[in-house]
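Data block below; observations after.
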Amino acid sequence: MEYPLMDERGWPMKIPKYTLPSPNITALERAIRIALAASLVGMLVAGTQRGLIGHDPGGVMLWALALAASLDLAISGAIGYCPLYHWIYFPWALREHEPRLSGPLDLQGNSQKRLGLLAFPGDGAAVALGLIVENAVRRYGPIPLWLDRALDIAPELGTELDYSRIATLIVDAAGSLTAAGVSAGDYLAIIKRDNMDVFVLAAAASRLGAVPALLSPTLCPDAIDALLERLGEPLVIADRAAIQRHRLLERGCDVVVVDGSMDGATCLKQLTSASPSPVNTRAPDDVAAITHTSGTTGTPKLCMHTGRSLAGQACVQLIAHKVFLTKRDVFATCPTAIHARVLSGWHALLAVGCGHLALFESDPETTATFFKRYRPTVVDTFPNVYIRWEQFAHGADGPLSNVRFFISTFDAVHPRTIQRLLRASKRRLPLWVQGYAQSEVGLATLSVRWRHRKLEPARDARDVGWAVPGLTRVRITDSVSGKRLRPGSVGQIEVGSVGQIAGYLGEEKRTASGWNGAWWRMGDVGQMTRWRTLRLHGRLVDAIPGLPDALAIEDQLLVRLPELTELVILPGMDGGLPIPVVCTAGDQPLDPVRWDKAMLDLPMLAQPIHRSWADLPTTATWKVKRSELMLQLQDQHGWSMRLTEGGSRT
């Protein structure tokens, strides 16, 4: 299906724009709403304790409606955003204008100003990357920042600093980039190891009106060559390791080295500007930054993020942070610096002004040391990192004892991991907030979990929750006809979101194939439950014939075999049984008797293949590349297989 509207560059147009209105709420009205919410919650608790509200379906429904009303009152009273109001309006707007709608809806009005999204006065919501840190420092003063290693562009600053230093670094880096010839509208590739200075360089480029493209140095040289060619052979900012690994000087790139000097490359520290570079931010619908997908099915795709799409992706986080976090919190993150979530997530983090522990190495021993030192109250990282962190979940000094919220996005997390980490917290009610997301659309659904006595709770771990009222919509469609399916039917997942990207750079046909009207095809298989939550089955490209729910089997085996640190089920070779690939704690051999016992009531699988975690091919977000792992097994054992092309979530 052709994409509805394209401009002269071949990019999806963000017109027509429809606005979600937000009612003006005065300070007195906000106070009244908060008081009503507190009273309603108190009456619900008292009614339940006295048996006035039963546990029959009618009582549960009453509980749910009253709780939804109290949350709406509390949130609207705190920040002016009315979820139920937008929940009613948003589906109508999409249904009414769906044939013409080609991108995310705009969020404008009073609620947006309270959320701090309005970076372009009078022109809707957009994220100005070059001004995020400066605005936060102006509002909150020095915001503590702790790193697990010193910055490559300024190692003299050490690992304990604050965001006022980062704001100064961004201005200085902008001057250096100006001296290197960077100007508004230019593309700029950043290829260096993960650290905060990747964000500093991206913000500096954005401050000049340039478009930073964040590329992972862990990609293979051929992939980097293809991406640089797609970007039009831009100026490359890189460290020495990336320059050598990807032969950037040999291929004729104009290179600026950030960590020292190198023959043939310009040293960043030697570039100085005679005067401060003027701020030249881009319009909300212009491309503001470029990230790439994981490349699990081939060469990664370059995702074009606009200021408006980044604001849409940050919106849910901003609401949650404003409601639940304070300046006293310590927010720990362990991202990959080139990920789209860094651009939107740190914008939301700085909107609160709490201390930030930024880790870029997921090693359990190192992480435990930092957690013991800074005692984070909120932890945010990727699912596969949490699996590794199970090793110190019950350490002697309790590295996770102070955590109130665990945040995980992009993929479902194994139930054993969720419960082990929740049990490690000494807080009264620690919560696990799980988001199902994709770089192309941002957050799609959200779910919350709490502690259980058993590692295998009654709730399905593959249930990734509900769409966010007013911000996202989710539906299941037939992969052939594209028609919407009823709840309970398994099909392709499609999402409508305020955070949808502008498209893939240089791949107009692939961009068009991702759209189904106003909906984005996620490339995943799932189903809607009768409660309208989304149950995730897995990637369409990773589907295993005869085993439609392989991820659920992986969950059960990980619960039953605590010695496993990772488990991946792959399609059988030469038409045989599906093949489990396992990793164990300390790389100890897996007991075949325990394996057979755990498999008694599960579909038949081949004998497990044991691998070390370090030997598994992973993406920049530490997700196992299943297709590449299958190719490794093919080379090792001489099997044959058939691979299909598909999208990839990063």
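The values are calculated or read from the model by the stated rules, or taken from the named source; none is laboratory data. What you see is a predicted model; the values in this text were computed from it and never measured. Every residue, glycine as well, gets a Cβ built from its backbone with ideal geometry; the counts of neighbours run over all protein chains shown. For the accessible areas, the whole protein counts, side chains as well, though only heavy atoms, and no ligand, DNA or RNA atoms are used. Shrake-Rupley method; radii C 1.70, N 1.55, O 1.52, S 1.80 Å.
The table below gives the values:
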{"item": "Of all residues in the range 129-148 being hydrophobic (A, V, I, L, M, F, W, C) and farther than 13 Å from TRP346 by Cα, the one that is least open to solvent (accessible area, probe 1.4 Å)", "result": "LEU147"}
{"item": "Pairs, first farther than 17 Å from ALA467 by Cα in the range 512-530, second modelled with pLDDT of 90 or more and assigned to a strand (DSSP E or B), C-beta under 6 Å, six or more apart", "result": "GLY514/TRP520; GLY514/ARG521; ASN516/GLU494"}
{"item": "Selection from the range 448-482 of residues that are among the small types (Gly, Ala, Ser) and modelled with pLDDT of 90 or more", "result": "ALA467"}
{"item": "Residue selected from the range 417-447 under the condition in a helix (DSSP H, G or I) and of a type in the set (A, V, I, L, M, F, W, C), by the criterion modelled with the lowest pLDDT", "result": "ILE418"}
{"item": "Subset of the range 269-312 [under 30 Å from LEU540 (Cβ atoms) and either open to solvent by 30 Å² or more (accessible area, probe 1.4 Å) or of a type in the set (S, T, N, Q) (or both)]", "result": "THR291, THR293, SER294, THR296, THR297, GLY298, THR299, THR306, SER309"}
{"item": "Verdict on GLY523 being small (Gly, Ala, Ser) and closer than 13 Å to ILE476 by Cα", "result": "yes"}
{"item": "Cβ pairs under 7 Å, 6+ apart, first in the range 161-186 and basic (Lys, Arg), second open to solvent by less than 50 Å² (accessible area, probe 1.4 Å)", "result": "ARG165/LEU157"}
{"item": "Single residue of ALA606, ALA598, ALA620, ALA614 found to be among the hydrophobic types (A, V, I, L, M, F, W, C), closer than 30 Å to HIS339 by Cβ and open to solvent by less than 50 Å² (accessible area, probe 1.4 Å)", "result": "ALA620"}
{"item": "Odd one out for GLY482, checked against (1) crowded, with 22+ Cβ neighbours inside 10 Å; (2) outside any helix (DSSP H, G or I); (3) over 23 Å from the mean Cα position of the chain (by Cα)", "result": "(1)"}
{"item": "Residues of the range 479-531 classified as touching a Pro at 6+ places or on another chain (Cβ under 8 Å) and among the hydroxyl-bearing types (Ser, Thr, Tyr), total", "result": "3"}
{"item": "Filtered residue count, the range 535-559, keeping only those that are open to solvent by 40 Å² or more (accessible area, probe 1.4 Å) and among the acidic types (Asp, Glu)", "result": "1"}
{"item": "Residue check, TRP515 touching a Phe, Trp or Tyr at 6+ places or on another chain (Cβ under 8 Å) and open to solvent by 10 Å² or more (accessible area, probe 1.4 Å)", "result": "no"}
{"item": "Elements of type strands (runs of 3 or more DSSP E) in the range 309-404, at least 3 residues being acidic (Asp, Glu) and without any contact (Cβ under 8 Å) to a residue 60 or more places away in the chain", "result": "none"}
